[in-house]
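Chemist: A single structure is presented below for examination.
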Amino acid sequence: MFTPILLFIALIFFFYFVLYLNSESYILKNGQKTEGIITSVQSRSQTDRYGRVHVRYIVSYRFQDTEESVYRGKFTIHSSTCRFKEEDKVEVYYLPDKPYKNTASRRFKLK
């Protein structure tokens, strides 16, 4: 009934679909938008074998869903500077049925 090649293609589409449903782009497109607040910004630096220093910032945030439960998230910025600071407000997107799957918009910060 199923040839091995069709089964292989079906598996690839299945895994692609599962990965997409958990991706940041899916959450941004289909998630519920709310306001979050930055709780911490931590910098990490690492020197590569050529002596170049690479800096990244780990930005943590918290938000409430429509039922007022508090959730947390974080994202990483690979840059020499970070424009976010504690107490800044950010747009957070989350899946209403799975608020633990969330992401924050990095494009701008709310005033």
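The values are calculated or read from the model by the stated rules, or taken from the named source; none is laboratory data. Note that the coordinates shown come from a computational prediction; the quantities given were computed from them, not determined experimentally. Every residue, glycine among them, receives a Cβ derived from its backbone with ideal geometry; neighbour counts consider all protein chains shown. For the accessible areas, the whole protein counts, side chains as well, though only heavy atoms, and no ligand, DNA or RNA atoms are used. Shrake-Rupley method; radii C 1.70, N 1.55, O 1.52, S 1.80 Å.
Chemist: If you check every pair at least six apart or on different chains, which have Cβ atoms under 8 Å apart with a residue in the range 88-111 that is closer than 16 Å to Tyr26 by Cβ and open to solvent by 70 Å² or more (accessible area, probe 1.4 Å) first and a residue that is modelled with pLDDT of 95 or more and assigned to a loop (DSSP other than H, G, I, E, B) second?
Modeler: So the pair list comes out as Pro96/Asp65.
Chemist: Of the residues in the range 78-87, how many are among the polar types (S, T, N, Q) and touching a residue at least 24 places away in the same chain (Cβ under 8 Å)?
Modeler: 2
Chemist: Can you tell which of Ser79, Ser69, Ser60 is more than 11 Å from the chain's Cα centre (by Cα) and modelled with pLDDT of 95 or more?
Modeler: The conditions single out Ser69.
Chemist: Let me ask you something else. What are the residues in the range 42-87 that are more than 21 Å from Glu24 (Cβ to Cβ), among the acidic types (Asp, Glu) and in contact with a strand residue (DSSP E or B) (Cβ under 7 Å, 6 or more places away or on another chain), if any?
Modeler: Result: Asp48, Glu86, Glu87.
Chemist: Give me the strands (runs of 3 or more DSSP E) completely within the range 52-111, filtered to those with at least 2 residues that are basic (Lys, Arg), ordered by residue number.
Modeler: Where strands (runs of 3 or more DSSP E) fall fully within the range 52-111 and carry at least 2 residues being basic (Lys, Arg), they are 53-64, 70-78, 98-104.
Chemist: Within the range 28-42, track down each residue that is within 15 Å of Phe84 (Cβ to Cβ) and open to solvent by 70 Å² or more (accessible area, probe 1.4 Å).
Modeler: Glu35, Gln42, listed by residue number.
Chemist: Can you name the residue in the range 55-77 that is among the aliphatic types (A, V, I, L, M) and touching a residue at least 24 places away in the same chain (Cβ under 8 Å) and is also surrounded by the fewest Cβ atoms within 10 Å (Cβ to Cβ) among such residues?
Modeler: Result: Val55.
Chemist: Something else: Step by step: first the residues of the range 2-51, then only those that are at pLDDT 75 or above and part of a loop (DSSP other than H, G, I, E, B), then the one that is farthest from Lys89 (Cα to Cα). Which residue is that?
Modeler: Thr3
Chemist: I would also like to ask the following. Among the residues of the range 57-111, what is the count of those that are under 21 Å from Arg44 (Cα atoms) and touching a helix residue (DSSP H, G or I) at 6+ places or on another chain (Cβ under 7 Å)?
Modeler: Matching residues across the range 57-111 total 1.
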